[in-house]
Amino acid sequence: MSENDFYLTLPSNASLDLHTDHTFTRYATASPQRISMSGQWECGLVEMQYTHSWYNVTSDNTWLGVTLDGIDFVVKIEAGYYDTPETLTGAINRSIRTVVKEKKVKLSYSNITQKVTIHMIQNSSFSVYSLNLQRVLGLNPRYLHESRK
């Protein structure tokens, strides 16, 4: 590195003793050493790295409801990051199968329409209790409950 350029790494988990209110989107850090510059300088961000450590389905929005012929079933999916709609609908379908053995309620995703479809037999209903999970699924948030009579 020459006197005309420098490289500085500012990790988000540094200086935690000085800055205790760090969040995922807001943090401050201190340089390990002073950088003295004379004259005019222009600085730019060259690289930014982050660890993908967040969930799009959190533990407070993993509950779904299925009703078949008047019998209510509660379905829970695992909290985590679902990278595609197919991955999420697959997880929901597997969870439904743990409580309802027959394929009477199933979700599918179309890459063409980019929509989730809920397939149900008569006298059944499917409920998404969480507005966030509805958003992740791309469902209309005005409808918490879908039924077929």
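Does Thr117 qualify as being among the hydroxyl-bearing types (Ser, Thr, Tyr) and exposed (fewer than 13 other Cβ atoms within 10 Å of the Cβ)?
On the way: among the hydroxyl-bearing types (Ser, Thr, Tyr): yes; exposed (fewer than 13 other Cβ atoms within 10 Å of the Cβ): yes.
So Thr117 passes the test.
Every residue, every condition in (1) of a type in the set (Phe, Trp, Tyr); (2) in contact with a His (Cβ under 7 Å, 6 or more places away or on another chain); (3) more than 30 Å from Asn140 (Cα to Cα); (4) touching a residue at least 12 places away in the same chain (Cβ under 8 Å), yes or no:
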| position | (1), (2), (3), (4) |
| --- | --- |
| Asp5 | no, no, yes, no |
| Thr25 | no, no, no, no |
| Ala28 | no, yes, yes, yes |
| Phe73 | yes, no, no, yes |
| Thr89 | no, no, no, yes |
| Leu107 | no, no, no, yes |
| Val116 | no, no, no, yes |
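In the range 82-100, which residues are in contact with a Lys or Arg (Cβ under 8 Å, 6 or more places away or on another chain) and loosely packed, with under 15 Cβ neighbours inside 10 Å?
Answer for the range 82-100, where residues must be in contact with a Lys or Arg (Cβ under 8 Å, 6 or more places away or on another chain) and loosely packed, with under 15 Cβ neighbours inside 10 Å: just Arg97.
Could you look through the range 41-81, keep only residues that are of a type in the set (S, T, N, Q) and surrounded by 10 or more Cβ atoms within 10 Å (Cβ to Cβ), and pick out the one that is modelled with the lowest pLDDT?
Applying the filter and picking the extreme gives Asn61.
Restricting to the range 16-74, give me the number of residues that are within 30 Å of Gln134 (Cα to Cα) and either among the aliphatic types (A, V, I, L, M) or not in a loop (DSSP other than H, G, I, E, B) (or both).
14
The values are calculated or read from the model by the stated rules, or taken from the named source; none is laboratory data. None of the values given here were measured: they were computed from a predicted structure. No Cβ is skipped: glycine too gets one built from the backbone with ideal geometry, and neighbour counts run over all protein chains shown.
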